[in-house]
Amino acid sequence: MICISLIDLSFAECLKIRKEAAMIEVRMDKLTLQDREYKNLFETKIKTIATCRPYNRSEKECLTLLEKAIRYGADYIDIEIESSIEYKNYIIQIAKQHNVKIIISYHNYSDTPTNDLDNIISESIKEGADIVKIATKVNNPKQAAALLGLYSKYDNIVVIGMGSKGVITRVSSLLLGAPFTFASVDNKHKSAPGQLPYKTMNIIYGLIKNKTVVENE
């Protein structure tokens, strides 16, 4: 499933994208919407992720926004592994009370720490993650291979290699077992380096599917 990240959009633009999406990520740190508009976005039949990165807003602001998202009906809440224990425990407690799944995410915008990836995943699971998200900058092919190799060892992970050398990880993720992968609305609204527009992702997966069908006939 392709999850479209909504950033720097008006409410009307968000609604338009939602009509075309199977899943959306509502970047509450990158949107300026009214409470009733957030409520409307989360009150939908498609899957939704609520995300609020504390480097764009304060931890207190993020906590308030994510708690609202939980009560509005978000299916997933994304919180950073680096966040304070108090912050994580509070959000996880509220989420579990409302049957909202927890994504614990790790981001590294400069490198892929290949020797630490297993520990990051294990720690995230221990802290209560239903899904672990790894997003790191890929600087060479070996790092991309190390990220993709995680799918052979773990279930319920989403692994993303950022940057031009990590694009292969975005395309391969669904084929290797990720429950979803991320795409941008278009080239002007990327939430991470190397992110592809969802229309491009749909074309790629369509070509792969058609090639597989032809080969099996």
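Rule-based calculations on the coordinates, nothing more; no lab input. All values derive from a computational prediction rather than experimental measurement. All Cβ positions, even for glycine, are placed from backbone atoms using ideal geometry, and neighbour counts span all protein chains on display.
Which of Ile91, Ile79, Ile24 ends up with the largest GNM mean-square fluctuation for the chain, with Cα atoms connected below 10 Å? In this elastic network of the chain, the residue with the biggest mean-square fluctuation among Ile91, Ile79, Ile24 is Ile91. When the Gaussian network model of the chain links Cα atoms closer than 10 Å, the mean-square fluctuations of Ala12, Ala69, Ala135 top out at Ala12.
Normalised by the number of residues in the chain, the average gap of Cα pairs under 8 Å and 6 or more apart makes the relative contact order 17 percent. For the range 72-115, averaging the sequence separation of C-alpha pairs within contact (under 8 Å, six or more residues apart) and dividing by the residue count gives a relative contact order of 51 percent. Subtracting the Cα-Cα distance of Lys19 and Ile208 from their residue separation scaled by 0.36 nm leaves 65.6 nm. The alpha carbon centroids of the range 147-162 and the range 14-89 are separated by 23 Å. For a straight C-alpha distance cut-off of 19 angstrom, the lysines reachable from Lys101 (same-chain residues fewer than eight places away being disregarded) are Lys39, Lys45, Lys47, Lys68, Lys88, Lys126, Lys133.
For the chain, the Cys residues with no second cysteine's beta carbon closer than 4.7 Å are Cys3, Cys14. In the range 13-96, the inverse of the mean reciprocal separation of distinct Cα atoms equals 12.9 Å; this is its Kirkwood hydrodynamic radius. For Leu9, the residues whose modelled amide H falls within less than 5 Å of its own, excluding neighbours fewer than 5 places apart on the same chain, are Thr32. Computed extension gain for Glu59 through Met1, at 0.36 nm per residue and net of the alpha carbon distance, reaches 17.9 nm.
For the range 79-164, the list of chymotrypsin sites (Phe, Trp or Tyr not before Pro) that fall in a loop by DSSP and count at most 12 other C-beta atoms within 10 angstrom reads Tyr109. Annotation: amide H of Phe182 within the under-5 Å range of Cys3, sequence separation 5 or more or interchain, hydrogens built in the peptide plane.
Springs join every pair of Cα atoms under 10 Å in this Gaussian network model of the chain, and among Val158, Val132, Val167 the largest mean-square fluctuation is at Val167. Estimated purely from DSSP H runs of n ≥ 4, each contributing -39500 (n - 2.57), the mean residue ellipticity at 222 nm for the chain is -13500 deg cm²/dmol once divided by its residues. For the pair Lys199 and Thr32, the difference between a 0.36 nm per residue extended length and the Cα-Cα distance amounts to 57.6 nm.
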